[in-house]
Amino acid sequence: MASQQEQQPYPFVDIYDEDEADREFLMSKPTCFVILGKPCKELLYQGQSVPEELVIKMLLDKVESPEIVHFGYVLCDFPSLSEEYMSIPEQIEVIRNLKLKPDFLINIKCPDNDLCKRVSGQRQHPETNQIYQREEWDPELIEKRRKKRKEPRKTKDTEEEEEEEEEEEETNEYMLAEILPSLVQRPEDFLGNVQERVALYKDIMLHPLEVRDELFRVLASYKLVAPRYRWRRSRWGRACPVALKNGEIIMGSPDYAVSFLGKMYTMSTEEALKEFMLNPRPYLVPPMPLPPCKILIIGPPLAGTSTLCNSVATYYQGKVLDMNILLEKHYEEARIELLEQTRIEATETGIIKVKEKIEFERQLKEQGKLSKTNKDRYPGASEKGGWVVDNFPHFPEHWTALVDKGLLPDTVICLKNNEQNGKVLLHRLYIANKEEIDARIIKRLVDEALKKKQEEEEWNILANLLDILCLDSANLFTFLLEQQKMIHSILQFYTVLYNIVLFIYFVGVKLPDYPEDGFPDTPEIEPLKNKITQFLNNWQKLETVITESPLVVTAEIEIHGQTQEMLLKQAIQAMEQPFKYHGWEHGPEDEDEEQEDLQAEAEALAEEEEEEVEEDEEEEEEKKRHLGDTKHFCPVILKENFILYPGLTENAAKYREKYYYFSTPENRDKFLENPEEYVSYKEPLKAPPVRICLLGPHGAGKTICARWLAEKLGIFHIQFEERLQELIMIKTGNRVGPEEEEEEEEEGSTTQQEVGESIATAPDKMELTEEEEAIKANILENEPLPPEVLDNIVSQWWMKEPFRSTGFILDGFPRTAEEVQFLVEHSLCPDATVFLEVDEEDILVRLLPNRLQKWKERQAKKVEKKQQMKEMKAKIRNELAKLDGDIEDDDDEDEDDIEMILEEEFPKEEEEEDEEEEQEADAIDRMKIEISEKYEADLTNIQAVQEELEKLFIPQIIMGCKRKPRIVCYQLYKKLKDIVENRESIFEKCYPLSLSLARKMIVLSYKHPSNFGQWDPVKLSEGDAIKPYQNEDTPSYPLIHRNCVYFFTSKENREKFMKNPIKYLRQPKPKPTVPVKIAIVGPPKSGKTTVAQKFARTYGLMRLSMGDAIRMVLNNQPESELALVLKWHLQKGLTAPDELAMRALDLALMDTVCNTTGFVLDGYPVTRKQVGLLEEMKIIPVKIFELDIDVKEVLRRALLDKQIYPYPVHDSSQILSIKNSCYRAQTEEIRPYYEAQHQNWYVLDASHSKWWIWDKILGETQMITKQIQIYLERIRQGKAASVAGFCITPQELLSRLGEFGQYCPVSLAEKGELVDCSVTRSLQFAAEFRGHYYKMAGQKELEKFLDSPELYVPPLAPRPLPLPYKLPRKLTEAEVKALFPIQVELRGYCPVTYLDGKQRYEALVPGNIEYAVLYRNKLYIFESEEKLQKFMRLPEKYWNQTLPRKLPPLKEPILLTALPLTGYLEQGVAAALIKAMNEVGCLKPKFPFISVKRTALLFIAYHLKAFNPRSSEYVRKKYKKKLERFIEHCELIPYLGIKMTRKYKEPQNRPIDFDHKLQIFLSLKDVDPASH
């Protein structure tokens, strides 16, 4: 059984890891705006004295400042219409080349007439240069406002309003009296100049700027947060990020604390705070926080300090400072100087002083050199740091000197070897000095050997040695004699001899044995141990001094059993430990904080809601806690054992401000030592497979449910009691249990002879082990299983494969509280426990029939065996009687021996026991009692198990089992469905919150806005393409998941997301928002307004009818020119002309809602003129829905509405009929236009319900919106995109066709076929690429083009489109005739048929003039449309052919009468003749007195005449009668031949008509049948 593995098709929409999300935000570009508008403020440029060059330079410098790099900008009035310094195209190019390019171009639209009127009404005061609008200085407008204020109002004015009115009155009087006479109009405010500048703005500036159409999201910044959402600790801890970036670790001060991205940072100085506030990104973007790499590594000799220094320097891209190499030259100079001064007495103190002095001078110089190269370590590296000092300092004096010089490191690492008394270091030192130490050892051993020999006589030793020398080597003795001659003194001789003896001993002595990785434990090793001891003593003194510097971190690393990579890892961990997240145990301070949060939340709820729901404080606290990456499960057990074990709240810890629960304090401590090992990063933690325990009383149906669920879920089914039986059956061979023993006893009552035979043939029974004995005792006597046995059986289901990766349903375990305790002690927990509940009566109904049936079977077997016993006794008695009879004849023995033998084999006790049989009623009562007792025992155990499992917080599912098993299984699966389907999100925790708090968090950058934005992830996964609308009627329901905020349109969707957030995060990212632009038309009462209003309510689209647009203008802009003209028409009782209505609609469409969300045109357009006006203003809905409805349905709905609402007279049935007729007449004109030009007309049957209509329209709108979104996304990515349904006109299509025109580029590239797609006007298979349109032959070709369009367009296209004259062109019959005198090629034969027929004679088929093609200025005609299309696709294949010399004869028309007789008969009367001849053949006629041949000819002639279709009806009837008479005469001969006999018969004996027919026969003699 394979484990469950789910493939995830999409990555996460939002970044899963919180640090990675922060990094993405820090690396992102701030949002930038460019605000454009028709030139109001631009006119001020002409009066400014500041040079424009200086203004633009200051503007660009400000855009590149640090605060702009962080916060972004809003650039207004640039580009400028003034071109003194830079032209408008150059200004636009500057904007496009900015380092921070603008994300949004905001074009503030205003009607030209209103703008010109507004600007021309401006006046300027010559002294103050203040600008006054018309409303401020025009006396007429001031008087109008005064009259409006004096009108009676519905509400009473407050005192404040009265004071404001008095102040305004005084201001107006002052304006009219003092300021108005002095106001002047600037030349640039003249109406003509304003109109000129507006036109210049549109033509020069607006057009190139409107090319960009990119959408990005707005990011916000910081402020306070709500309760429970506290500022979190950052990786910097208390270190100042600015100082750390500059290469120094300085602790920040609480006075300079700042929050950013929900985290706390402390700065060291006010200047650092200012720098961080201007732009925090450089100080937070990775690789920060990074240690400055100022490190000292020391250790005993050969501890590996140099290797570790090089590794650390390579990792941090720093440089190693080896003090021995740096000071080697100065050591030599100092040595020579000291030798000259003291000659013999050189003190160590003097050397140390010189070394210190030179050392620090060199270090200072080297530090200066390093500061110049440190900037190149990595981008943004500081000058300070980047050095690793090898094996320095050695003494406290050195450290003091470093402190005085300001050269403190950040980390000091000491390599030590405390394990096994420094075995590793001693081994390295011994190997390095092996020759010297070995020589000392040998010398010591030789000295000891010589000392033993000193007690003997010197001359004896010498004599013996000489004898040995003489015996062993003659050469050596000769050498000694020569030496003796040369020596003048015997003492010198002995000295040489003594050295030779030492040499001999030296060669013979062996070194003591030692391990390969050890050293000889001899006195010569003591100096090495002293070196190590001396270093440790120096380190203790040095460490004491180092600890006085609180910012310096010291770390001791044990080198025993460590590789170089492991040492490097520990060193890096020691250096970066201050910049990692740290966890801590949950303590009283955390409790106090939590209580404060709960109190603050309660106060907030009390303000919002009057009634509160009282809940248990602990449960509420647990519910609102922010849990960690493993939720409430122990992360240590999950990591090590892959088991979900619920942690305990008393063993809680906090890491990154989140709670983690642990099973034991030991696991908590293990987590706090290295928390990064147990948490998730870019992906969620993998959840173990499903593990379920299924419990219930005997007979509840556990096995049936467990087996069905296991098969349904694809996991193992484990039956605990069956597993115990399997383990014991290996030895016993049979099942063990009370029922099995009863059956064995009954079946085992055999005769003594059979038992003896079975014992003789049975093998020896195997002895049971202690484990098997315990299992047997548990099965038979319900003895508890020992923990060791349970561990061997149960643990493997959690720990070993394939159970570990697949999951299981454990049937019937745990059975007792002790077994639950075993699971707790071994950290083995199921995901859920299912308890099947059933009544005792149901158990009896289920179990009793089967048991009773088995009892009956056993009773029947007993009776049968009893009968067999009687028969066997009788048989034995007879055999013994015969045997005794034979013996009696010989020995006269007693007959009583027979009965004694039978009594021995069949005792009477057995017979008496057999006679006491149990009755059926007694058996039923006994079984009921046994079942009830078992049921009560099971219930007691299950209750104990439930109590124990509740303590572990393991979910419990209780199911009633009264219904049928299949229903119980289905209900159980429904309850377990969430556990299985939402498995991937089992560790995910979501926190609902209010909309105001969600927005506040985003504004303060406490949480990131999701990449979904305002989209509902659940609806998006269901295919919704229209952005949801939020208002009071459709509120938003936000929640927090990890580091992002998500918004939902309903609580149900939020609940779905909370159950399985991973499912909804793994989907394609939302496409760019596209405003929906649709129109709904239809006759009255068709429901168009209902649908439009539902769009407005559900998705926030603006519903616009023509009346709505006019009212918006009249209400919002009453003083505009358009409003005044509309008022004039309306006040006169006239309808607004289409031109004015269209201008009002255009103005209404400038609304923000229309440009961002979209609009629905309600009942517009309906006339051809309105369509033309819409086209002129480029207002083209992507879909126009026509609601078609019958007039009867219209009248029926009107009557129903009239019963509910009192409709006015103009909605009478007569008027509705007229409106319906007018609508249909007008629609017949506009429908063909939209179908031909834009293909956006969609007809719906409006007789259906409003829900059906809504679903249809919404589905079509969703589909076209999704297509537009995909189009925009693919075009922005530089890919090809489908343009089906995009309202592209034929003119636009022709103007933007690509290099292949309307030919399919895919077919041309892959097959070399010219597929002309112009035969259809549909753009279903059209696509856009690089600004050009391409049409494809079909769906497969379109998919290929969308996947890799570069392969099918130049320059990678394998085949270019042929020249125009090489493109085949289909001709009509009239066009063919117009080409006269051009002759048809191939003499009119079809070239396709001829070539496909392998140019055979039979393939020469003439073509039809209806299928003509002009190719290379030659005319071809074809047999059929199919052959013509073949030629159109592959003209090069068929055009250049040569006809054979022999051609079929020309098919000229020939008269039928001009044919020879056979030809005439074949073409004229063949069918009739064949039919006549068939009749002759079947009838075989013979006319009296003429030949058969003549008879046949006459029959055929009559037949042809009688069935000639060209003859008249009279002639055909005439000859049919003649044919019938002729057939009657031909039948006379067979008749007379049958009836006429050889003997004469009397007339009364003849047939009745015999004489009559004989007379007719004789009368036909000499008669011509043709004339008859």
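The values are calculated or read from the model by the stated rules, or taken from the named source; none is laboratory data. Only a predicted model underlies this, so the values are computations on that prediction, with no experimental measurement involved. Reconstructed Cβ throughout: ideal geometry from the backbone, glycine too, with neighbour counts over all protein chains shown. Ligands, DNA and RNA are stripped out before the accessible areas are found, and what is left, the full protein with its side chains, is counted by its heavy atoms. Shrake-Rupley method; radii C 1.70, N 1.55, O 1.52, S 1.80 Å.
Just how large is the dipole of the stretch 1016-1165 about the Cα centre, in debye to the nearest 20, putting +1 at every Lys and Arg Cβ and -1 at every Asp and Glu Cβ?
On the way: 21 positive and 15 negative charges, 164 e Å.
Rounded to the nearest 20 debye, it is 780 debye.
Rank by packing, highest mean first: peptides 1313-1324, 700-711, with packing defined as the count of other Cβ atoms within 10 Å averaged across residues. Working shown, then result.
Working: 1313-1324: 16.4, 700-711: 19.6.
Answer by packing, highest mean first, reads 700-711, 1313-1324.
Any chance you could check the Cα centroid distance between the stretch 238-294 and the stretch 1378-1399 for me, in angstrom?
Answer, in whole Å: 87.
How big is the stretch 1027-1074 by the Kirkwood estimate over distinct Cα pairs, in Å?
On the way: mean 1/r = 0.0839 Å⁻¹.
Evaluated over the stretch 1027-1074, this radius sits at 11.9 Å.
Over 21 Å between Cα atoms: which of Lys423/Lys529; Lys580/Lys670; Lys682/Lys1063; Lys294/Lys529 fall into that group?
Working: Lys423/Lys529 10 Å; Lys580/Lys670 17 Å; Lys682/Lys1063 16 Å; Lys294/Lys529 31 Å.
In this structure, Lys294/Lys529 lie more than 21 Å apart at Cα.
Go from 0 up to the bin containing the longest alpha carbon distance in the stretch 956-1027, width 5 Å each, and give me the % of pairs per bin.
Computed distribution, short to long bins: 3, 11, 12, 14, 14, 13, 10, 9, 7, 5, 2, 0.
What pairs from Lys263/Lys1051; Lys1000/Lys1051; Lys654/Lys686; Lys1069/Lys1335; Lys989/Lys1027 go past 24 Å between their alpha carbons? Mind dumping the intermediate values first?
On the way: Lys263/Lys1051 30 Å; Lys1000/Lys1051 21 Å; Lys654/Lys686 22 Å; Lys1069/Lys1335 29 Å; Lys989/Lys1027 26 Å.
In this structure, Lys263/Lys1051; Lys1069/Lys1335; Lys989/Lys1027 exceed 24 Å between Cα atoms.
Tell me the Kirkwood radius of the stretch 1258-1353: reciprocal of the mean inverse pair distance over distinct alpha-carbon atoms, in Å.
Values: mean 1/r = 0.0744 Å⁻¹.
Across the stretch 1258-1353, the inverse of the average 1/r is 13.4 Å.
Please give the solvent-accessible surface of Lys451 in Å², to the nearest 10, using a probe radius of 1.4 Å with every protein chain present.
150 Å²
Ordering Lys1178, Lys624, Lys712 by accessible area with a probe of 1.4 Å, largest first, what comes out? Don't jump to the answer; show the numbers that get you there.
Working: Lys1178 170, Lys624 55, Lys712 110 Å².
Sorted by accessible area, descending: Lys1178, Lys712, Lys624.
Highest first, please rank the peptides 819-831, 293-305, 1484-1496, 1374-1386 by the mean number of other Cβ atoms sitting within 10 Å of their residues. Numbers along the way, then the final one.
Numbers: 819-831: 19.6, 293-305: 23.6, 1484-1496: 15.0, 1374-1386: 12.6.
So the peptides 819-831, 293-305, 1484-1496, 1374-1386, ranked by packing, come out 293-305, 819-831, 1484-1496, 1374-1386.
Sorted by accessible area with a 1.4 angstrom probe, largest first, how do Phe835, Phe1325 fall?
Phe1325, Phe835
I want to check a number: in the stretch 1344-1440, how many lysine pairs have alpha carbons closer than 24 Å, given a sequence separation of 8 or more or different chains?
Final tally of qualifying lysine pairs is 21.
What ranking of Arg625, Arg230, Arg723 comes out by heavy-atom accessible area, probe 1.4 Å, highest first?
Details: Arg625 15, Arg230 95, Arg723 75 Å².
So, going from the largest accessible area down, we get Arg230, Arg723, Arg625.
Within the stretch 1489-1544, count lysine pairs with alpha carbon atoms under 20 angstrom apart where the residues are 8 or more positions apart or belong to different chains.
On the way: Lys1493/Lys1505; Lys1493/Lys1522; Lys1505/Lys1517; Lys1505/Lys1518; Lys1505/Lys1520; Lys1505/Lys1521; Lys1505/Lys1522.
Going through the stretch 1489-1544 pair by pair, I get 7.
Structure shown: which of Lys384/Lys639; Lys1077/Lys1219; Lys776/Lys873; Lys975/Lys1007 lie over 31 Å apart, alpha-carbon to alpha-carbon?
Values: Lys384/Lys639 41 Å; Lys1077/Lys1219 26 Å; Lys776/Lys873 38 Å; Lys975/Lys1007 34 Å.
Pairs exceeding 31 Å: Lys384/Lys639; Lys776/Lys873; Lys975/Lys1007.
Could you tell me the accessible area of Met1150 in Å² (1.4 Å probe, neighbours in place), rounded to the nearest ten?
Near enough 60 Å² of accessible area.
Keeping all protein chains in position, work out how much accessible area Met251 exposes to a 1.4 Å probe, and write it in Å² to the nearest 10.
My reading of the accessible area for Met251 is about 80 Å².
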